[in-house]
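Heads up, the thing below is written out as structure tokens.
The values are calculated or read from the model by the stated rules, or taken from the named source; none is laboratory data. Predicted model only: the values in this text are computed from it and were never measured. Cβ sites come from the backbone with ideal geometry, for glycine too, and all protein chains shown count toward neighbours.
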Amino acid sequence: MNLDCLHLLPRRVYATRTDESNGDVALTLSDAEVVLDARGYAVWQKVVERLAAGQPCRALPALLDRPAGEVSQALARFHEAGLLVEASDVPVSGSHFHEHEFAPVLPAWLNKAFSHPFWDRMTSGRGSKRLYAGWLVELYHYTRNANRHMPLAAAHCRNKPVKTLLAKHYEEEWNHYHFFSRAAAAMDIDPVLVRESEPLPMTMAMSDFMRQAARTDVMCYAICSAVLEGTTTDSAAFNPFYEKVRELYGVPEAAVTPIYEHLELDGKYQHADLFKEICSHEPAIGARRAAMVLDFGHQMVEHIWLWTDAIERYYADDTQPLPRPRFDAALD
């Protein structure tokens, strides 16, 4: 590898695991696991530190105090193993971006989004009917808050075919919060109290992040929406959750049926394919823009995890009101 014209970037490592018997370190990427021996891992850490700080490859021999040939060989091995990728300023089509950049990482992102202990807690019998009810209330608020960001995304979009797709999506989605209101009512929560209640701060943060994405770039917004749609497309994943909470906590069928109806309607509208269709209208996406779009998608995954954490923390506390009342100057 010619270090003078090489521009490599380190892949994101989601987890590391050390084998105590021999010192080997397994690095988990979104699509593979790479095992390095102790010496190789030490070199890798130094390389990542320099590249992440913005140092060019040609500066690595001096920074690492190693011969250029040795550094070049190490980079070649890391690149071949998939730990490094070559940055390119050559634009790609939106369809290429969806197929080769987004689709391969989505499964790892969704695994991360659902890695919160809340899901295991609810399906192992350590949750509660109240936790499920609180989750419904926050889903109601987030879905209703689509009215804060979906029109904004369409308004900021300058690509007419994509603007039309966003407007159609909004037309199909704007009132879907009533599904969650019906489900909460089946849990004996007054729909009026739900409508007038205050969402958790993290629920508002999710909505505000979508508004930020909408103002930044239509692709940033669309990828965040795609991540959310991705959490609802696999019936094999969500059906056992709902059946389990019914079995474990006596959740009535009427508190689950509207959720299935909502998921079926989204499937009928093919909302899970919206991002792919939007990408097909993007003729060229440069490397910088592609990186920004993927970063927004990954941030949405982190927002989902933090949102789940906030729901668990608040509604697991029986002393907290459900739903949350709004601030009242006379009462508070």
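Descriptive notes on the structure:
- Looking across the stretch 249-277, the residues that are in a loop (DSSP other than H, G, I, E, B) and β-branched (Val, Ile, Thr) come down to Val251, Val256.
- Residue match in the stretch 215-238 (condition: among the hydrophobic types (A, V, I, L, M, F, W, C), in contact with a helix residue (DSSP H, G or I) (Cβ under 8 Å, 6 or more places away or on another chain) and under 15 Å from Val137 (Cβ atoms)): no
- Taken over the stretch 147-159, the residue count meeting the criterion of being buried (at least 21 other Cβ atoms within 10 Å of the Cβ) and either over 30 Å from Cys220 (Cα atoms) or among the hydrophobic types (A, V, I, L, M, F, W, C) (or both) is 3.
- Residues satisfying the stated conditions in the stretch 273-283, i.e. surrounded by 17 or more Cβ atoms within 10 Å (Cβ to Cβ) and in contact with a Ser or Thr (Cβ under 6 Å, 6 or more places away or on another chain): Cys279
- Options Thr143, Thr123; residue that is farther than 30 Å from Val293 by Cβ, among the polar types (S, T, N, Q) and assigned by TED's automatic domain parsing to the domain that holds Met206: Thr123
- Positions within the stretch 49-65 being over 31 Å from the mean Cα position of the chain (by Cα) and exposed (fewer than 11 other Cβ atoms within 10 Å of the Cβ), in sequence order: Asp65
- Flag not set for Met122, criterion: farther than 23 Å from His303 by Cα, surrounded by 18 or more Cβ atoms within 10 Å (Cβ to Cβ) and touching a residue at least 60 places away in the same chain (Cβ under 8 Å).
- Of all residues assigned to the stretch 237-259, at least one qualifies as being among the basic types (Lys, Arg) and at pLDDT 90 or above.
- Filtered residues of the stretch 186-207 (kept if more than 23 Å from the chain's Cα centre (by Cα), in a helix (DSSP H, G or I) and either surrounded by fewer than 17 Cβ atoms within 10 Å (Cβ to Cβ) or at positive phi (or both)): Pro191, Val192, Leu193, Arg195, Glu196
- Matching residues, the stretch 298-332, being under 30 Å from Leu29 (Cβ atoms) and among the β-branched types (Val, Ile, Thr): Val301, Ile304, Thr308, Ile311
- Looking at the stretch 1-88, the strands (runs of 3 or more DSSP E) lying wholly inside it that each contain 2 or more residues that are polar (S, T, N, Q) sit at 15-18.
- Filter result for Glu282 (acidic (Asp, Glu), over 23 Å from Leu29 (Cβ atoms), assigned by TED's automatic domain parsing to the domain that holds Met187 and not in a helix (DSSP H, G or I)): yes
- Pair list, Cβ under 9 Å, 6 or more apart: the stretch 289-301 residue more than 17 Å from Pro91 (Cα to Cα), other residue among the basic types (Lys, Arg): His298/Arg12; His298/Lys112; Val301/Lys112
- Taken over the stretch 303-332, the criterion of being touching a residue at least 12 places away in the same chain (Cβ under 8 Å), among the charged types (D, E, K, R) and in a helix (DSSP H, G or I) is satisfied by Asp309, Glu312.
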